[in-house]
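The values are calculated or read from the model by the stated rules, or taken from the named source; none is laboratory data. All values derive from a computational prediction rather than experimental measurement. Positions of Cβ are backbone-derived with ideal geometry, glycine not excepted, and every protein chain shown enters the neighbour counts. Areas reflect the complete protein model, heavy atoms only, side chains present, ligands, DNA and RNA absent. Shrake-Rupley method; radii C 1.70, N 1.55, O 1.52, S 1.80 Å.
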Amino acid sequence: MDTIAKNYEVIWGKVIEPSLKEIAQHSDNFKIKDKAKELILNEYKEFNNHCKKTYMKNPSNKLDRHKVSACYILAIVKASPIITDSNNLLSDGEFYTVNEEIALTVGLSILRAFCSNDKRYPVSLPFDFTYPKASHGDYRKNFVVELHFTKEEGNYNILSLSHTLYLLEQFNQQYWKT
């Protein structure tokens, strides 16, 4: 088993699968896609390989923590492992963002694990993340909506997302005891 697959098994077991099951068991409206595990892994590998081949001088090097987290977020958004039987709109005109919520939770969990002094790669839930105040609405909710439109528009920008994750990490350094 390659390194990506080994790390994915940990992330799947500690963060992704519990997040999916939590959503699915609390609503009859949501179901986990068949082969969700494989779909997410395949999307992650594609984003990871694209990032290495396109943006790195030496594609055999590892991605930094922000790019890894960004690739996981985008992989989950693109794979959309949670499906619903109803249309994508709620009664008030809002849209479902459960896949984007899960993606952000997973990506930030991975980022937080990388920033931890514990070298055993302690990816798990819950994790501690603080968000800046938003001028309009809630920062996390705005981030989730941005991820929703990323999928709708098919505009998966790894570098832009990794830059946002870098800034969130910097913002949180004042709160973390690393």
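Checking the structure you have, find out if any residue of the stretch 19-29 is closer than 16 Å to ILE83 by Cα and modelled with pLDDT of 95 or more.
Within the stretch 19-29 (the criterion being closer than 16 Å to ILE83 by Cα and modelled with pLDDT of 95 or more), the answer is no, since none of the residues qualifies.
On the basis of being within 18 Å of VAL106 (Cβ to Cβ) and touching an Asp or Glu at 6+ places or on another chain (Cβ under 6 Å), does ALA75 make the cut?
Judged against the criteria, ALA75 is a match.
So, in the stretch 155-178, how many residues would count as being exposed (fewer than 14 other Cβ atoms within 10 Å of the Cβ), assigned to a loop (DSSP other than H, G, I, E, B) and modelled with pLDDT under 95?
Total meeting the criteria: 5.
Can you report the number of residues in the stretch 97-138 which are at pLDDT 95 or above and over 15 Å from ALA70 (Cα atoms)?
0
Is there any pair with a first residue in the stretch 96-108 that is open to solvent by 10 Å² or more (accessible area, probe 1.4 Å) and a second that is part of a loop (DSSP other than H, G, I, E, B) whose Cβ atoms are under 7 Å apart and which are 6 or more apart or on different chains, and what are they?
Taking only residues 6 or more apart or on different chains, the pairs are TYR96/ASN88; TYR96/LEU90; ASN99/SER80; ASN99/PRO81.
Does the stretch 48-77 hold any residues that are open to solvent by 10 Å² or more (accessible area, probe 1.4 Å), out of contact with any Phe, Trp or Tyr (no Cβ under 7 Å at 6 or more places or on another chain) and in contact (Cβ under 8 Å) with a residue 60 or more places away in the chain, and which are they?
HIS50, TYR55, ASP64, LYS67
Considering only the stretch 60-84, state which residues are hydroxyl-bearing (Ser, Thr, Tyr) and at pLDDT 95 or above.
If we filter the stretch 60-84 for residues that are hydroxyl-bearing (Ser, Thr, Tyr), which is where we start, we get 60, 69, 72, 80, 84.
Of everything in the stretch 60-84, those that are hydroxyl-bearing (Ser, Thr, Tyr) and at pLDDT 95 or above turn out to be SER69, TYR72, SER80.
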